[in-house]
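The values are calculated or read from the model by the stated rules, or taken from the named source; none is laboratory data. Since this is a predicted model, take the numbers as computed values, not measurements. Reconstructed Cβ throughout: ideal geometry from the backbone, glycine too, with neighbour counts over all protein chains shown. These accessible areas exclude ligands, DNA and RNA; they are computed on the full protein's heavy atoms, side chains included. Shrake-Rupley method; radii C 1.70, N 1.55, O 1.52, S 1.80 Å.
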Amino acid sequence: MMKKVLLGVITGIIAIGAGILLFEVQGSAEYEFVTAFGSDGSGEGQFQYVEDFAIDGEGNLLVTDAINVNVQVFSPEGQFLRAFGDSTDGPNGFQKPEGIAVDRAGNIYVADYLGGFVKKFNANLEHQLTFSELGSEPGQTIESEFMSIGPNDLLYLADAGNNCVDVFDLDGQFQFRFGERGSGDGQMIRPEAAKVTPDGEVFVTDYGNHRIQVFDLHGRFLRKWGTEGSGPGQFRNPAGIAHGPDGRVYTTEVGNARVQVFTPEGQFITQWGSEGSGEGEFGNLHGIVVAPDGRVSVADTANNRVQVFRRVE
């Protein structure tokens, strides 16, 4: 059963008898709870630490699980399809998979937070390539996080331990990196996600600076927004970021247990969520992704599940 989640900040109430009518909700839209799937465990369709998402060419949702050390694939409706990855040292092995991306040919890239490597698989889930390694030199990573592939066919990877974004081609060759530790424009503290729009802007969740930064494909700083706090447009440790087909920007926050929605320029539109385990409630939020049909999948990590919402026009 679908339930509507009230968004934004309520700016007025009217008392009617024993009830209360809420009106004039800040924000231009509502988002509706569609479904949730997952539970605590290591079986098919279960999770122990949901991290991030990617969507393949068939619309299936790929989900990384850092503790179960695998990637699970679900249909657009949330039905478990298959899984791959294990804790061995073999070609399918991971230590702590977090970031994930799919290229236009259907190849899958998985970044390992502890191992420092990225593994490439084809659409049949066969290992093709391992690149990068643990370290601080160009082409190495420390505590790699969420990544994406740009329209230039380059892979942009948030490198939290090195306070930068690393860029590779799809054959695993290091290209360049941008960012350094700090709070100035273009500087970062433990970036959590680097997600590229179809028109070539790189949005980075600057976790330690409680803000969003935007760069061009060459790593040149363009703009930023956000300060530390819990008000609209503020953040406490932003983690996931995604872009909808309508151009809206969606963010998750570890500290505020909510989803916020913005224009690409950073203008606040609306928000939803609070701490808890009910529908539309979250704990330890991580990744987020928006499907071509506009459905928003959210990594509700503490509750070992994925929650799905949609915009109500």
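Which value in Å does the Kirkwood hydrodynamic radius of segment 124-276 take, with 1/r averaged over all unlike C-alpha pairs and then inverted?
Hydrodynamic radius (Kirkwood, Cα pairs) of segment 124-276 is 15.6 Å.
Excluding Glu228 itself, calculate the net charge of residues whose Cβ lies under 12 Å from the Cβ of Glu228, where each Lys or Arg counts +1 and each Asp or Glu counts -1.
0
Could you work out which residue, out of Val289, Val34, Val63, moves most in a Gaussian network model of the chain, that is, has the largest mean-square fluctuation with Cα springs under 10 Å?
Val34
Let me spell out the model: positive unit charges on the Cβ of Lys and Arg, negative unit charges on the Cβ of Asp and Glu, origin at the Cα centre of the chain. What dipole size does that give, in debye rounded to 20?
640
Compute the FRET efficiency between Leu222 and Glu137 as 1/(1 + (r/R0)^6), taking r as their Cβ-Cβ distance and R0 = 30 Å, and round to the nearest 0.05.
With a Förster radius of 30 Å, E is 0.65.
Could you size up the charge dipole of segment 147-252 around its Cα centre, putting +1 on the beta carbon of Lys and Arg and -1 on that of Asp and Glu, and report it in debye to the nearest 20?
440
In whole Å, what is the distance between the alpha-carbon centres of segment 256-275 and segment 141-206?
Centre-to-centre distance over Cα atoms comes out at 22 Å.
Mind running the shape call on segment 36-128? Use the C-alpha gyration tensor, a ≥ b ≥ c as the square roots of the eigenvalues: rounded below 1.5 for a/c, prolate if a/b tops b/c, oblate otherwise.
Oblate, because a/c is 1.5 or more while a/b does not exceed b/c.
Counting only protein chains, not ligands or nucleic acids, how are Ile149, Ile67 ordered by accessible area (probe 1.4 Å), most first?
Ile67, Ile149
Give the accessible area for Ser42 in Å² (nearest 10); use a 1.4 Å probe, count only protein heavy atoms, and leave out ligands, DNA and RNA.
90
Going from most exposed to least, what order do Leu114, Leu125 have by accessible area with a 1.4 Å probe?
Listed by decreasing accessible area, they come as Leu114, Leu125.
Along the Cα-to-Cβ line of Asn124, 7 Å from the Cα, sits a label point; which residues in segment 69-101 have backbone N less than 14 Å from it?
Those under the cut-off are none; the list is empty.
Heads up, I need the accessible area for His218: 1.4 angstrom probe, whole protein in place, Å², nearest 10.
120
Along each of the three principal axes of the Cα atoms of segment 216-275, give the extent in whole Å, ordering the values from largest to smallest.
37, 24, 17
Stretched out fully, how many nm does the piece from Gln267 to Asp199 gain, at 0.36 nm a residue minus the Cα gap?
Length gained between Gln267 and Asp199: 22.6 nm.
Give the ranking of Lys96, Lys120 by solvent-accessible surface, highest area first, calculated with a 1.4 Å probe.
Ranked list, largest accessible area first: Lys96, Lys120.
Would you mind checking the radius of gyration and Dmax of segment 210-313 based on alpha-carbon positions, in Å?
13.2, 42
Out of these labelled values of P(r) over Cα pairs in 10 Å bins from 0, in percent, [x] 6, 29, 36, 21, 5, 2, 0; [y] 6, 26, 30, 21, 13, 4, 0; [z] 6, 25, 31, 24, 11, 3, 0, which was calculated from the coordinates shown here?
[x]
Could you check how much of the accessible area of segment 272-313 is carbon and sulfur, as a whole percent, using a 1.4 Å probe?
42
Using a 10 angstrom cutoff on alpha carbons, build the Gaussian network for the chain and name the most mobile of Asn70, Asn124, Asn256.
So, out of Asn70, Asn124, Asn256, the one fluctuating most is Asn124.
Pull up all non-local amide H partners of Ala257: gap of 5 or more, or a different chain, and H-to-H distance under 5 Å with H placed in the peptide plane.
Close amide H contacts, sequence-distant or interchain: Leu285.
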